[in-house]
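Engineer: Structure provided below as structure tokens; questions to follow.
The values are calculated or read from the model by the stated rules, or taken from the named source; none is laboratory data. These figures come from a predicted structure and were not determined experimentally. Reconstructed Cβ throughout: ideal geometry from the backbone, glycine too, with neighbour counts over all protein chains shown. Ligands, DNA and RNA are stripped out before the accessible areas are found, and what is left, the full protein with its side chains, is counted by its heavy atoms. Shrake-Rupley method; radii C 1.70, N 1.55, O 1.52, S 1.80 Å.
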Amino acid sequence: MVGGAVAGGRRLLPRWQALSSCRRGFSLASKEVQSEAGVPQMPAFDFTPQPYDGPKADEILAKRKKFLNPALFLYYKKPLNIVEGKMQYLFDESGRRYLDAFAGIVTVSVGHGHPAVVDAVVKQTKLLQHTTTIYLHHAIANYAEALAQRMPGNLKVVYFVNSGSEANDMAMMMARLYTGSFDIVALRNAYHGMSPSTMGLTAHSTWKYNVAQGFGVHHAMNPDPYRGPFGADGKLYANDLANLLESATPGRIAGFFHETIQGVGGAVELAPGYLPAAYDIVRKAGGLCIADEVQTGFGRTGSNYWGFQNQGVTPDIVTLAKGIGNGLPLAAVVTTPEIAQVLSQRLHFNTYGGNPVCSAAGHAVLEVLDKEKRQEHCATVGDHLLHRLRALQEKHDIIGNVRGRGLMLGVELVKDRQTKTPAKEETLHLFEQLKDLGILVGKGGLHGNVFRIKPPMCFSMEDADFLVDGMDHVMSKL
């Protein structure tokens, strides 16, 4: 069990102090953590952030509280004012550098301010910032071709939208139009968006408002190898899906939505063998299989370019967002020509989808991923990081589970390994302590007790070691 300061109600105060430093090649303008002996040190990075003379954090926070959506949430007791980013690092208003291990919620794929993406955006913006698809433009056509070429099978038609929620909305509509059925199946612990329709697909009370949602949507048992009743036996979980179709639907469905590694749900990788069995069940019921690759796509898992390929399946529809544009508002739905044809029953249009600037950026991202071999890089660094995290698990009982692939990993914290009681308070405490060391991770899972480690794909071996050493350091103080 976890004891120590947090469990007893006491909190450890951080003893680091941020000072200007030029050690190990750091710029004088970049403030680093000068700590006592034994505290992990951030890898060297030859970059000088620009001086910041804008409003300070307190002023921004006051304006945010007054003028922005009150449902927006902030990380940390004292929120960070992040003003600049370069590759896998972020800088606050004082010039202090942080290791970004969350990538803007898994959105910055090739790195903050990657020069190839920046150049593509600037060049296209100077020429033409926006038209719509009522005119021809080479950027959207060339980009759609490049994206389709990276898809397996007959997934060759692309629809561009602006967000993952929009993409999943469209996929749901296409499935219902194509099959003539209405019922949709998703998984418990899933997250597919916050629009009225995708909120129904999502299976986390945290993200559900008390409004009408999810009409026709059913949630199957989650094939969670750590917390599920059948462990890592994917075929047993698929039996629940079959039973659900028999008992809760007319027997014919429109589609089945899934992530391959559940992102918001805490980096839960679906049990091996689940998707092949589930796809067979769904297709026999007349449904389409829809892979939500919003977080797992573009080589992030290391072992394959698309997450669904890790289970040897080819979906009928794929939805993409987040890392597709390295931070720009870009998303896509990719499907077969036959399924795509259903939208021609009426006019269909998206004002901003595939605009010239976002198309140029998205195309540049694909080229960078290829040129810099980021899939292979994710595999190499991810394997090293997994090995080190599992060694850390042997040392600290608070770590109940380490999971994921490539640079899409999760570390679940528990009070007791037998009961698997979520270590909520301890997670929050360690979360703050990691920030004090200069390490920014994500936090997820239904109970908020999972560290989400999903950095920009340029994350290095040295960054991985610093992250694990930092976790070891703060956990040793519990």
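Engineer: Quick one: which of 366-372, 297-303 comes out on top by average Cβ neighbours within 10 Å, and what's the full order, highest first?
Structural biologist: 297-303, 366-372
Engineer: May I ask you to evaluate 6.51 cos²θ - 1.76 cosθ + 1.60, the Karplus curve with θ = phi - 60°, for each residue of the range 359-376 and list the ³J(HN,Hα) values in order in whole Hz, giving x for glycine and proline?
Structural biologist: Going residue by residue, I get 5, 4, 5, x, 5, 5, 4, 4, 5, 5, 4, 6, 4, 8, 6, 6, 4, 4 Hz, with x marking Gly and Pro.
Engineer: Collect residues whose amide H, placed 1.01 Å from N in the peptide plane, falls under 5 Å from the amide H of Gly111; neighbours closer than 5 in sequence don't count.
Structural biologist: Met457
Engineer: Separate question: Could you look at the chain and say what percent of its accessible area is carbon and sulfur, using a 1.4 Å probe and all protein chains?
Structural biologist: 55 percent
Engineer: Let me ask you something else. Quick one: grab the alpha carbon gyration tensor of the range 325-478, order the square roots of its eigenvalues as a ≥ b ≥ c, and give me rounded if a/c is under 1.5, else prolate or oblate depending on whether a/b is larger than b/c.
Structural biologist: prolate
Engineer: Does the range 267-346 classify as rounded, prolate or oblate by the C-alpha gyration tensor (a ≥ b ≥ c root eigenvalues; a/c under 1.5 gives rounded; else a/b over b/c gives prolate, otherwise oblate)?
Structural biologist: The shape class here is oblate.
Engineer: Leaving out ligands and nucleic acids, note down the accessible area per residue over the range 391-440 with a 1.4 angstrom probe, in whole Å².
Structural biologist: Accessible area per residue, the range 391-440: 33 Å².
Engineer: Rounded to whole Hz and in sequence order, give me ³J(HN,Hα) for the range 81-92 from the Karplus expression 6.51 cos²θ - 1.76 cosθ + 1.60, θ = phi - 60°, writing x for Gly and Pro.
Structural biologist: 9, 8, 10, 7, x, 9, 6, 9, 10, 10, 10, 8
Engineer: Could you list which residues have their amide H under 5 Å from that of Glu269, counting only those 5 or more apart in sequence or on another chain, with H placed in the peptide plane?
Structural biologist: Long-range HN contacts for Glu269: Gln262, Gly404.
Engineer: Work out from phi, with θ = phi - 60° and the Karplus expression 6.51 cos²θ - 1.76 cosθ + 1.60, the ³J(HN,Hα) of each residue of the range 248-265, listed in order in whole Hz, and give x for Gly and Pro.
Structural biologist: Once θ is set to phi - 60°, the couplings for the range 248-265 become 10, 10, x, x, 10, 10, 7, x, 10, 9, 7, 8, 8, 10, 5, x, 4, x Hz.
Engineer: Please compute the per residue accessible area over the range 281-385 with all protein chains in place, 1.4 Å probe, rounded to a whole number of Å².
Structural biologist: Normalised by residue count, the accessible surface of the range 281-385 is 35 Å².
Engineer: Another question about this same structure. With every protein chain in place, what's the accessible area of Tyr143 (1.4 Å probe, Å², nearest 10)?
Structural biologist: Rounded to the nearest 10, that gives 0 Å².
Engineer: Could you please put Trp306, Trp207 in sequence from largest to smallest accessible area, using a 1.4 Å probe?
Structural biologist: Trp207, Trp306
Engineer: Let me ask something else about it. List the residues, sorted by chain then number, that are 5 or more residues from Lys443 or on another chain and whose placed amide H is less than 5 Å from its amide H.
Structural biologist: Arg452
Engineer: Can you sort Leu90, Leu413 by solvent-accessible area, 1.4 Å probe, largest first?
Structural biologist: From most accessible down to least: Leu90, Leu413.
Engineer: Per residue, how much accessible area does the range 76-125 show when a 1.4 Å probe rolls over the protein heavy atoms, in square angstrom?
Structural biologist: 36 Å²
Engineer: Right, another one. What does the helix-only formula give at 222 nm for the chain: each DSSP H stretch with n ≥ 4 adding -39500 (n - 2.57), the total divided by the residues, and the result rounded to the nearest 500 deg cm²/dmol?
Structural biologist: Result for the chain, helices only: -10500 deg cm²/dmol.
Engineer: Going by a ≥ b ≥ c, the root eigenvalues of the Cα gyration tensor, does the chain fall in the rounded group (a/c under 1.5), the prolate group (a/b larger than b/c) or the oblate group?
Structural biologist: Note, shape of the chain comes out oblate.
Engineer: For a quick check of understanding: with a 1.4 angstrom probe and all protein chains in place, what accessible area in square angstrom does Leu74 have, to the nearest ten?
Structural biologist: My reading of the accessible area for Leu74 is about 80 Å².
Engineer: If you don't mind, there's one more thing I want to ask. Among 234-240, 164-170, 337-343, 444-450, what's the highest-first ranking by average C-beta atoms within 10 angstrom per residue?
Structural biologist: Those peptides, ordered most packed to least, come out 164-170, 444-450, 234-240, 337-343.
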